[in-house]
Amino acid sequence: MSRKTLLTSEEIKIILHRLACQLIENHDDFSNTVLIGLQPRGSYLADRLAKLLENDYQIKNIQLGLLDITFYRDDFRRREEPLEATTTKIDFLVEGKKVVFIDDVLYSGRSVRSALTAIQSYGRPANIELLVLIDRRFSRHLPIQPNYRGRQVDSINEEKVVVHWEETHREDTIYLESR
């Protein structure tokens with residue numbers, strides 16, 4: 001197996017600031033916007049962005065939720081190993097709000113499709129956008145594109161994008177691994 005570093009810790013910090021500024025440009029004070037991290041891996045990115053918006057850019061009252069999509073996936077009954085659900089933490093309604101889904105890697109688009117179905121349990125949003133750290137643009141199964149992307153990666157299906165967060169792996173680094 002070979003491993004190539006796509007993004008270092010410093011590059012991730014720069015990208016997070018750029019994404020935060022793009023969100024501010026489009027959502028101003030976030031009074032009608034909610035951020036939804038897609039569990040499990042999008043939750044780290046969503047939390048980082050929310051803290052960055054609050055601490056560095058003085059945006060108050062960011063509404064941050066975490067959405068579990070496990071049982072909305074179209075492949076959850078097709079896997080050999082049992083899936084483990086995470087916890088959905090949305091303590092607000094999304095009715096009439098602008099929703100920004102946040103995930104680490106956009107690959108096939110199936111997770112986002114699942115999130116579109118799952119979010120309906122919390123109301124009907126006025127608008128839904130997608131923010132991803134890595135966009136694997138040539139591997140889409142569904143016609144889903146991000147509104148905000150940290151880095152676009154052209155990779156083949158045998159390659160895997162692996163995101164390491166300080167919270168889980170003691171480092172902020174993104175790798176491209178091939179078998």
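The values are calculated or read from the model by the stated rules, or taken from the named source; none is laboratory data. Bear in mind the structure is a predicted one, so any value in this text is a computation, not a measurement. Please note: Cβ atoms are built from the backbone with ideal geometry, for glycine as well, and neighbour counts cover all protein chains shown. Just the protein is used for accessible areas: all its heavy atoms, side chains included, with ligands, DNA and RNA removed. Shrake-Rupley method; radii C 1.70, N 1.55, O 1.52, S 1.80 Å.
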Original post:
What residue, among those in the stretch 167-179 that are assigned to a helix (DSSP H, G or I) and in contact (Cβ under 8 Å) with a residue 60 or more places away in the chain, is farthest from Asp47 (Cα to Cα)?
Top reply: Thr168
Original post:
Which members of the stretch 21-56 meet the condition of being surrounded by 13 or more Cβ atoms within 10 Å (Cβ to Cβ), hydroxyl-bearing (Ser, Thr, Tyr) and part of a loop (DSSP other than H, G, I, E, B)?
Top reply: none
**OP:** Starting from the stretch 83-99, take each residue that is under 16 Å from Phe30 (Cα atoms) and acidic (Asp, Glu) and list its partners that are open to solvent by 50 Å² or more (accessible area, probe 1.4 Å) and modelled with pLDDT of 95 or more, counting only C-beta distances under 7 angstrom and pairs at least six apart or across chains.
**Re:** Glu95/Arg124
Subject >> Any pair with Cβ under 8 angstrom, 6 or more apart, that starts in the stretch 107-124 at a residue that is open to solvent by less than 10 Å² (accessible area, probe 1.4 Å) and ends at one that is hydroxyl-bearing (Ser, Thr, Tyr) >> reply: Ser114/Tyr72; Ala115/Tyr72; Ala118/Tyr72; Ala118/Thr88
Original post:
Scanning for something at negative phi, open to solvent by less than 50 Å² (accessible area, probe 1.4 Å), assigned to a loop (DSSP other than H, G, I, E, B) and at pLDDT 95 or above, does the stretch 76-91 turn up at least one residue?
Top reply: yes
Subject >> Count of residues meeting criterion [farther than 12 Å from Leu131 by Cα and within 8 Å of the chain's Cα centre (by Cα)] in the stretch 27-42 >> reply: 1
Original post:
Would it be correct to say that Lys60 is out of contact with any Ser or Thr (no Cβ under 6 Å at 6 or more places or on another chain) and either more than 16 Å from His164 (Cα to Cα) or open to solvent by less than 10 Å² (accessible area, probe 1.4 Å) (or both)?
Top reply: yes
Subject >> Pairs, first more than 21 Å from Ile12 (Cβ to Cβ) in the stretch 23-47, second of a type in the set (Ser, Thr, Tyr) and surrounded by fewer than 24 Cβ atoms within 10 Å (Cβ to Cβ), C-beta under 8 Å, six or more apart >> reply: His27/Thr33
Subject >> Residue that is farthest from Ile36 (Cα to Cα) [pool: residues in the stretch 148-160 that are assigned to a strand (DSSP E or B) and open to solvent by less than 20 Å² (accessible area, probe 1.4 Å)] >> reply: Val153
Subject >> Test for Tyr107: is it modelled with pLDDT under 95 and within 16 Å of the chain's Cα centre (by Cα) >> reply: yes
**OP:** Can you tell me which residue within the stretch 57-74, out of those that are within 20 Å of Leu133 (Cα to Cα) and assigned to a loop (DSSP other than H, G, I, E, B), is farthest from the chain's Cα centre (by Cα)?
**Re:** Tyr57
